[in-house]
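A.B. asks: Dumping the structure here so I can ask a few things about it.
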Amino acid sequence: MENQVILKIHCIFCFSKDFVLPDKNYSPQSGHQILCAHCGRSNDYDSLMRVAKKNAKERAEEQVTQELNRFTKELSRLFK
Amino acid sequence: MGKDELKKEREAVIDSVLIFMNDEIERHGALIAHIEFSFEAESEDTVAIIKETGISYESIREALNVCIARNYVTHRGLGTGKYGGLILTEEGQGRAVSVEAAKHTVPVAGVEGSRVQIGQIHNYGNAQIGDRNVQNVQNVLNSILESIEGADASDEEKAEVKGLFKRFLEHPLTQTVISSATTVIATKIGVS
């Protein structure tokens, strides 16, 4: 099971991972709009984070389900 | 009209459809999963969107096909027709919000082509993923524990299973996802 997952955010319009940023150390804040380097459209940072969190939640739930299934199999094996 | 222009026009219709849906959701003060739309011919939502945007039904249908393919909207259930029983997804709402926000704010600009990794989501700490399912998980874990206790097995076998259970409960991701439930159960079997 993965303990840490790094998610890259995607442009909500064209799904590109490249954004136009003022400098390399720029860290977007809530309320900011960031430009996609591919399609040039403006993305609402809060919305991008909401989508990323939803994807993280789905991924974590999937992993927990897998672990529960594995655990159930272990239990069945022990009580055979 | 050229291919690029047609694509651009289709993207604009997608924006309009998603903004219409998001406006309805916000007007009702509801969550995206709670408001269902039907864009079947002559349905209430179809009449309303055509009236509001002036876009043809054919264009709306084409845009909806793209929205479904890109997961901007999704079907809530079966048997409601291709354009019925649709709900907005986080992605769809995000696009609608982005389009509206772009009308009022200036985006951050800079060096083109910068690749950025924004935010790392760690499966540590007390962030609890999910809400209404914790009680169910606690019930399941309780049942497992009771089954172990009541099983027709030797004390050694029970201790072995409890050890596995303990390992599962102590795992960082288990703690993160179902923290409150695991804490209760862990206390019951003496996991500090």
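The values are calculated or read from the model by the stated rules, or taken from the named source; none is laboratory data. The model shown is predicted, which means the values in this text are computed figures rather than measured ones. Cβ coordinates were reconstructed from backbone atoms using ideal geometry, including for glycine residues, and neighbour counts include every protein chain displayed. When the accessible area is computed, the model is the full protein with side chains, heavy atoms only, and any ligands, DNA or RNA have been set aside. Shrake-Rupley method; radii C 1.70, N 1.55, O 1.52, S 1.80 Å.
A.B. asks: Between chains B and A, what is the buried accessible area in Å², counting both sides, with a 1.4 Å probe and ligands, DNA and RNA left out, to the nearest 100? Kindly include the intermediate steps, with their values, before the conclusion.
C.D. replies: On the way: alone 13070 and 6740 Å², together 15180 Å².
In total, this chain pair buries about 4600 Å².
A.B. asks: Computed FRET efficiency, Cβ-Cβ of A:Glu58 and B:Asn65, R0 30 Å: what is it to the nearest 0.05? Don't jump to the answer; show the numbers that get you there.
C.D. replies: Values: r = 24 Å, r/R0 = 0.80.
Approximately 0.80, to the nearest 0.05.
A.B. asks: Moving to a separate point now. What is the range B:45-109 by shape, rounded, prolate or oblate, if you read a ≥ b ≥ c off the alpha carbon gyration tensor as root eigenvalues and call it rounded for a/c under 1.5, prolate for a/b larger than b/c, and oblate otherwise?
C.D. replies: oblate
A.B. asks: B:Arg27 versus B:Val47, label points 7 Å from Cα toward the beta carbon: distance in nm?
C.D. replies: Taking the simple label geometry, B:Arg27 and B:Val47 are separated by 1.4 nm.
A.B. asks: Quote the charge dipole size of chain A about the Cα centre in Debye, to the nearest 20; the model charges only the Cβ of Lys and Arg (+1) and of Asp and Glu (-1). Write out the running numbers ahead of the final one.
C.D. replies: Numbers: 13 positive and 10 negative charges, 59 e Å.
So the dipole magnitude of chain A works out to roughly 280 debye.
A.B. asks: Right, something else. Tell me the mean residue ellipticity at 222 nm calculated for chain A from its helices only (DSSP H runs of n ≥ 4, each -39500 (n - 2.57), averaged over every residue, nearest 500).
C.D. replies: Values: 1 runs with 34 residues, N = 80.
-15500 deg cm²/dmol, from helical runs alone.
A.B. asks: Just to confirm the number: angle between the C-alpha axis of helix A:45-78 and the first principal axis of chain A, 0 to 90 degrees, nearest 10?
C.D. replies: On a 0 to 90 degree scale, this one is about 10.
A.B. asks: Divide the volume of the convex hull of the Cα atoms of chain A by its number of residues and quote the answer in cubic angstrom per residue. Don't skip to the end; give the middle numbers.
C.D. replies: Working: hull volume 8.1 nm³, N = 80.
Spread over its residues, the Cα hull of chain A gives 102 Å³ apiece.
A.B. asks: Would you be so kind as to identify which of B:Asn22, B:Gly94, B:Tyr57 lies farthest towards the positive end of the dipole of the range B:3-97, taking Lys and Arg as +1 and Asp and Glu as -1 on Cβ and the Cα centre as origin?
C.D. replies: So the residue we want is B:Gly94.
A.B. asks: Can you bin the range B:3-97 into rounded, prolate or oblate? Criterion: square roots of the alpha carbon gyration tensor eigenvalues sorted a ≥ b ≥ c, rounded for a/c under 1.5, prolate for a/b above b/c, oblate for the rest. Before the final figure, lay out the partial values.
C.D. replies: On the way: a/c = 1.39, a/b = 1.28, b/c = 1.08.
Verdict is rounded for the range B:3-97.
A.B. asks: Averaged across B:42-53, how many Cβ atoms of other chains sit within 10 Å of each residue's Cβ atom?
C.D. replies: That average works out to 0.
A.B. asks: Have a look at A:Ala52, A:Leu68, A:Leu35 and report the one farthest towards the positive end of the charge dipole of chain A, computed about the Cα centre with Cβ charges (Lys/Arg +1, Asp/Glu -1).
C.D. replies: Towards the positive end, the residue furthest out is A:Leu68.
A.B. asks: Quick one: ranking A:Met49, B:Met1, B:Met21 by accessible area, 1.4 Å probe, largest first, what do you get?
C.D. replies: On the way: A:Met49 35, B:Met1 145, B:Met21 0 Å².
Largest to smallest exposure gives the sequence B:Met1, A:Met49, B:Met21.
A.B. asks: In whole percent, how big is the carbon plus sulfur part of the accessible area of the range A:36-80, probe 1.4 Å, protein atoms only? All intermediate terms of the calculation are to be shown ahead of the outcome.
C.D. replies: On the way: 1290 of 2620 Å².
Here carbon and sulfur together make up 49 percent of the probe-accessible area.
A.B. asks: State to the nearest 20 debye the size of the charge dipole of the range B:3-97 about its Cα centre, where the only charges are +1 on K and R beta carbons and -1 on D and E beta carbons. Display every interim value, and only then the final one.
C.D. replies: On the way: 11 positive and 18 negative charges, 54 e Å.
Once rounded to the nearest 20, the dipole reads 260 debye.
A.B. asks: Taking beta carbons within 10 Å but only from partner chains, what does the mean come to for residues B:69-76?
C.D. replies: For this peptide, the per-residue mean of nearby foreign Cβ atoms is 1.
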